[in-house]
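Novice: Can you read through this structure? Questions will come right after.
Read-outs throughout are calculated quantities, based only on the coordinates presented, and are distinct from any laboratory measurement. Given the structure is predicted, the values throughout are model-derived calculations rather than measurements. No Cβ is skipped: glycine too gets one built from the backbone with ideal geometry, and neighbour counts run over all protein chains shown.
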Amino acid sequence: MLIDNVNIKEIDAVLMEKNIQPSSIELDGEYAWLKNSLLPFFPKQDFKFISIEVKLYIKGKDESDVKSKIGTLINKSKDCILKFDDDFYYQSFLINCNTENTLKKESKKISLSFIAYSYKEEVTETMNRITNKTINVAGNLETPAILEIIPSIDLIDLTLTGLAEDPIILKNLKANKKLIVNGEDSTVTVDGVNKFSDTDMWGFPKLSPGANTITTDKSSVDITIKYKPRYI
C-alpha cells in the first residue's frame, strides 16, 4: 500500500485488511409512481464518493516509537493518493481513525476510513494543426480535462467544441505562448498568469466515457489534452 507514493513499510506498517465500496448514489429528486401514470418517475442519479476502509498493523521499537509512527501515518493520510496492488489510484480524504491494542506494547492496529474518488493513469492526446479528433475515453464517469494550447500565430480567438456543454471560446492568444485551461483546478493561465478574463465559457473542459469528438475553428494551433479516466 502506498500513501502519496510512499510505501507504508517505510514506517513499519503492514496492510491487514481493505474494503473499497463503489461510489455512493445521490438522487436529484424523489422517485415516484403517480396515480393513473403508466410509467414511474426516476430522478437523475449522481455518483459521489467511494468509501475505503483499511486496517493496518504497525510496530515500533517501543510504545513511544509506535505512537510516533501512528501520528506520522495519520498526518500522511489526511489528504492523499492511495495506491494498492492494482492500476487504480484513489484521491482520498481521511474522515476517521482509531487504534486497537495488541498483546505487545510496541505494536498496534490502526483503522483508517476515507472518502475518495478513483481514477487510472493520466492519458495524453494531441491535436496538432488539425480541426477535429475523436477521443475514446475509458472509465465510466465524466472526468475533467486539461488543455495545453500553443498557437503558431497570434489569434483573436479560438473556439473549441466537444469539451463542455457549450463551446469554449479563448481570446487574445499569442504565438508560441502556451495557454493552459485546467479543468481539474478550474484555472486559465499563460506562464502562470491568470487569463480567465480572456475566455467565454460556461464550464471547464471535461470528457465523457466513450467517444468524444473535439473540434476547433482554426488549424494553426497545437493542442494537448490530458485526462485521468474515472471510475464508479
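Novice: What size of dipole, in debye to the nearest 20, comes out for the chain about its Cα centre when the only charges are +1 on Lys and Arg C-beta atoms and -1 on Asp and Glu C-beta atoms?
Specialist: Charge dipole of the chain: 520 debye, to the nearest 20.
Novice: Let me ask you something else. Return, for the Cα atoms of region 123-231, the radius of gyration and Dmax in Å, separated by a comma.
Specialist: 12.9, 39
Novice: Arrange the peptides 137-148, 188-199, 35-46 so that the one whose residues have, on average, the most other Cβ atoms within 10 Å appears first.
Specialist: Result, highest mean first: 137-148, 188-199, 35-46.
Novice: Looking at region 47-111, I'd like the Rg to Rh ratio, where Rg is from alpha-carbon atoms and Rh is Kirkwood's inverse mean 1/r.
Specialist: 1.03
Novice: Something else about it: So how much slack lies between Asp166 and Ile150, counting 0.36 nm per residue of separation and subtracting their Cα-Cα distance, in nm?
Specialist: 3.6 nm
Novice: Towards the positive end of the charge dipole of region 71-192, with charges on Cβ (+1 Lys, Arg; -1 Asp, Glu), say which of Asn182, Ser77, Phe93 has the farthest Cα.
Specialist: Value computed over the given set: Ser77.
Novice: Would you mind getting me the FRET efficiency between Asn7 and Ala32? Use the beta-carbon distance for r and R0 = 41 Å, nearest 0.05.
Specialist: 0.20
Novice: Pull up the cross-link candidates among the lysines for Lys104, meaning alpha carbon to alpha carbon under 28 Å and not fewer than 8 places away within one chain.
Specialist: By straight Cα distance, Lys104 reaches Lys9, Lys18, Lys55, Lys59, Lys61, Lys67, Lys69, Lys76, Lys78.
Novice: In the P(r) worked out for region 85-158, what percent of Cα pairs fall beyond 15 Å?
Specialist: That fraction is 75 percent.
Novice: Still on this structure, please answer the following. Ranked from highest to lowest mean number of other Cβ atoms within 10 Å per residue, what is the order of the peptides 112-118, 19-25?
Specialist: 112-118, 19-25
Novice: Where the eigenvalues come from the Cα gyration tensor of region 2-119, what are the semi-axes √(5λ) of the equivalent ellipsoid, largest first, in whole Å?
Specialist: Three semi-axes, in Å: 40, 15, 10.
Novice: Specify the angular offset, from 0 to 90 degrees and rounded to the nearest 10, of the alpha carbon long axis of helix 63-77 from the longest principal axis of the alpha carbons in the chain.
Specialist: 20
Novice: Something else now. Place a +1 charge on the Cβ of each Lys and Arg in region 1-92 and a -1 charge on the Cβ of each Asp and Glu, then give the dipole magnitude about the Cα centre in debye, rounded to the nearest 20.
Specialist: Dipole of region 1-92, to the nearest 20 debye: 140 debye.
Novice: Counting every Cα pair in the chain, what percent are over 29 Å apart?
Specialist: Summing the P(r) tail past 29 Å for the chain gives 48 percent.
Novice: Shifting gears a bit: Apply the Debye scattering formula to region 126-180, with a single equal point scatterer on each alpha-carbon and no solvent, then give log10 I(q)/I(0) at q = 0.13, 0.19, 0.32 Å⁻¹.
Specialist: Log-scaled intensity ratios, in q order: -0.38, -0.78, -1.52.
Novice: Between Asn19 and Ser186, what is the spin-label point distance in nm, taking each point 7 Å from the Cα along the Cα→C-beta axis?
Specialist: For Asn19 paired with Ser186, the spin-label model returns 3.4 nm.
Novice: State, to one decimal in nm, how far the label point of Thr131 lies from the label point of Ser107, with both points 7 Å from Cα in the Cβ direction.
Specialist: For Thr131 paired with Ser107, the spin-label model returns 6.8 nm.
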